[in-house]
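First the structure, in the form of structure tokens, and then the observations on it.
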Protein chains: 2
Amino acid sequence: MPTYLSALVDLAAEEYPHVSSDHLARLVGANPATVRRDLAALDISGTRGLGYDVKYLLHEISVALGLSQDWGVVIVGAGNLGRALANHEGLTQRGFPVRAILDIDPALVGQSVGELSVEHVDDLGAIVADRGVSVGVIATPAQEAQRVADLLESVGIRSILNFTSTALVLDEQVQVRRVDLATELQILSFYQTRTSAARAGTGLPLEGSDGS
Amino acid sequence: MPTYLSALVDLAAEEYPHVSSDHLARLVGANPATVRRDLAALDISGTRGLGYDVKYLLHEISVALGLSQDWGVVIVGAGNLGRALANHEGLTQRGFPVRAILDIDPALVGQSVGELSVEHVDDLGAIVADRGVSVGVIATPAQEAQRVADLLESVGIRSILNFTSTALVLDEQVQVRRVDLATELQILSFYQTRTSAARAGTGLPLEGSDGS
DNA sequence: TAGATTGTTAATCGATTAACAATC
DNA sequence: TAGATTGTTAATCGATTAACAATC
């Protein structure tokens, strides 16, 4: 669904007044029927014979994606990764301003990271309450991840982006996305191993079940 | 598929000689039939009445995941993110040693990043050939991503991990995984927006098509 | 009215899983 | 032999897509 957004931004920039499901489908590499069904699921309707109003579509999808509001972000873990994420300009640009970066290590507290300075994780509750934070990013060592997640949950965070390899166990109300570098690389090497093996004529199957 | 691995490592550590598809399924949160089908797809067979040999399974899955060899990594882009990735210990640990970090900016070339120092992107071909690099990581600004990807493809890289928001167009032989922070956050906010809307009783549908 | 395109039903496809004969 | 568990077929489920009547 987020895929539609950039295509629509382009269309709006080119001042297309309307777009057909067929056109949109080609832009995002999907099937026209799927596009219509997706939009219908968001209660967005078009005009028969004409298509969808681009500006209206853009607005409605932004709302559906929650982009009509800012989502304050707190980053827990001020190591290399945490600091890199805090400096990532793309985030604020796309409606996810980083409001704080925390660590448990007193030696790091007070260090400056871009425009922020590292704060202590003990202040999480107050920070979340005061600064309109609604997303937590976990950039700690894997062993700390569950503890941090519990802490985030306890202060009311309902959206977590987890950069560790730990599979978190949380209330189902809490949405978690995991971004694990090594797993991504393993998936790449898995595909590559399979296709090379297939080319080399060994018995490894090309058609497997999933690839996940 | 990569999911099985850590469960198996644990089992091996506890010296379980055999594991049933049922047991393994519970560990990875899947269905026993799916586990059996997955393993069969990798030409791994078990013993009726007994289950699968844990050590054998671990070995075969490692091979299938390509983990029996190291996959040298080159990082293109020595900004905050590139440097953080280069310092990520987890990578070498899991069989993905970072062999080089490159940038196009002469001011960055020569700077040290952990044990490496930044090299110029013009040397990519030689570096890939000499150091057994098989995975490229793109950590440049989004506008440069396609150019870098073309370059990586041209020097024979077949596995790319793309940290920009650009959708890359490459030969289908080249496996690409995208890790886009803002998109991940958008997905979180999308879910959160939907569920809050549903709780608030507005018309936003809880049952949609995909959520991607 | 003729052409275009939606909204939606029904068909298709693929993936998941239940079930069970084979067999250790 | 009795119990357990695989390997695989057939049933189920869900998601995708073709097709077309409704209608702008």
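Bear in mind these aren't lab numbers, they're just calculated from the coordinates by the rules spelled out. Small disclaimer: the values here were computed from a predicted structure and weren't measured. Neighbour counts run over all protein chains shown; Cβ positions are idealised from the backbone, glycine included.
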> For segment A:10-53, with only Lys/Arg (+1) and Asp/Glu (-1) charged at the beta-carbon, what is the dipole magnitude about the Cα centre, in debye rounded to 20?
Replying inline: 280
>> Just to be sure I understand the model, the point goes 7 Å from the Cα along the line to the Cβ. What's the resulting B:R177 to A:D122 distance in nm?
In response: 3.9
> What fraction of the DSSP beta bridges in the protein assembly as shown is antiparallel, stated in percent and rounded to the nearest 5?
Replying inline: 20
>> Quick check: Cα centre of segment B:6-74 to Cα centre of segment A:138-191, how many Å?
In response: 23
>> Suppose every Lys and Arg Cβ carries +1 and every Asp and Glu Cβ carries -1, with no other charges. What dipole size does the protein assembly as shown come out with about its Cα centre, to the nearest 20 debye?
In response: 840
> Does segment B:71-186 come out rounded, prolate or oblate, given a ≥ b ≥ c as the square roots of the eigenvalues of its C-alpha gyration tensor, rounded meaning a/c under 1.5 and, failing that, prolate meaning a/b above b/c?
Replying inline: rounded
>> If each DSSP helix of 4+ residues adds -39,500 (n - 2.57) and the sum is divided by the residues in chain B, what number results at 222 nm, nearest 500 deg cm²/dmol?
In response: -12500 deg cm²/dmol
> How high is the relative contact order of chain A, in percent, with contacts defined as C-alpha pairs under 8 Å that are six or more residues apart?
Replying inline: 13
> Where the label is 7 Å out from Cα toward Cβ, how close does A:E15 come to the same position in every other copy, in nm, shortest first?
Replying inline: 7.8
> Which residue fluctuates the most in chain A, going by a Gaussian network model with Cα springs under 10 Å, if the choices are A:S154, A:S62, A:S189?
Replying inline: A:S189
>> Inside 10 Å of the C-beta atoms of A:64-73, what's the mean count of C-beta atoms belonging to other chains?
In response: 4
> Taking θ as phi - 60°, what are the ³J(HN,Hα) couplings along segment A:72-78 by the Karplus curve (6.51, -1.76, 1.60), each to the nearest whole Hz, with x for Gly and Pro?
Replying inline: x, 10, 10, 9, 9, x, 10
> Once you sort the root eigenvalues of the Cα gyration tensor of chain A as a ≥ b ≥ c, which label holds: rounded (a/c under 1.5), prolate (a/b larger than b/c) or oblate (the other case)?
Replying inline: oblate
>> Defining the label point at 7 Å along Cα→Cβ, can you sort the distances from A:D123 to the same site in each other copy, shortest first, in nm?
In response: 4.3
>> So the label point sits 7 Å from Cα along the Cα-to-Cβ vector; using that for B:G29, what distances do you get to the other copies, in nanometres, sorted shortest first?
In response: 2.7
> For chain A, what is the charge dipole size about the Cα centre, in debye to the nearest 20, if Lys and Arg each add +1 at the Cβ and Asp and Glu each add -1 at the Cβ?
Replying inline: 660
> Which is farthest toward the positive dipole end of segment A:76-205 among A:I127, A:I101, A:V179, measuring Cα position about the Cα centre, with Cβ charges +1 (Lys, Arg) and -1 (Asp, Glu)?
Replying inline: A:V179
>> Taking the number of other C-beta atoms within 10 Å as the exposure measure, put A:E60, A:E172 in order starting with the fewest.
In response: A:E172, A:E60
>> Distance in whole Å from the B-onto-A rotation axis to the closest C-beta of chain B, together with the residue it belongs to, please.
In response: B:A84, 2
> Across peptide B:166-173, how many C-beta atoms of other chains are within 10 Å of each residue C-beta, on average?
Replying inline: 1
> Hey, fewest Cβ within 10 Å first, where do A:H18, B:H88 land in order?
Replying inline: A:H18, B:H88
>> With unit charges on the beta carbons (Lys and Arg positive, Asp and Glu negative) and the dipole taken about the Cα centre of segment A:1-150, which residue among A:S117, A:V35, A:Q146 sits farthest to the positive side?
In response: A:V35
>> Connecting C-alpha atoms closer than 10 Å in a GNM of chain B, tell me which of B:G136, B:G77, B:G66 has the biggest fluctuation.
In response: B:G66
> Of the beta bridges DSSP finds with both residues in chain A, what % are antiparallel, to the nearest 5?
Replying inline: 20
>> Using Cβ contacts closer than 10 Å as the measure, can you line up A:T92, B:T164 from fewest to most?
In response: A:T92, B:T164
> What does the average come to when, for each residue of peptide A:174-184, you count the partner chain Cβ atoms lying within 10 Å of its Cβ?
Replying inline: 6
> Rounded, prolate or oblate: which fits the protein assembly as shown, taking a ≥ b ≥ c as square roots of the Cα gyration tensor eigenvalues, rounded meaning a/c under 1.5, else prolate when a/b beats b/c?
Replying inline: rounded
>> For chain A, set up a GNM with springs between Cα atoms under 10 Å and report which of A:N162, A:N31, A:N87 has the largest fluctuation.
In response: A:N31
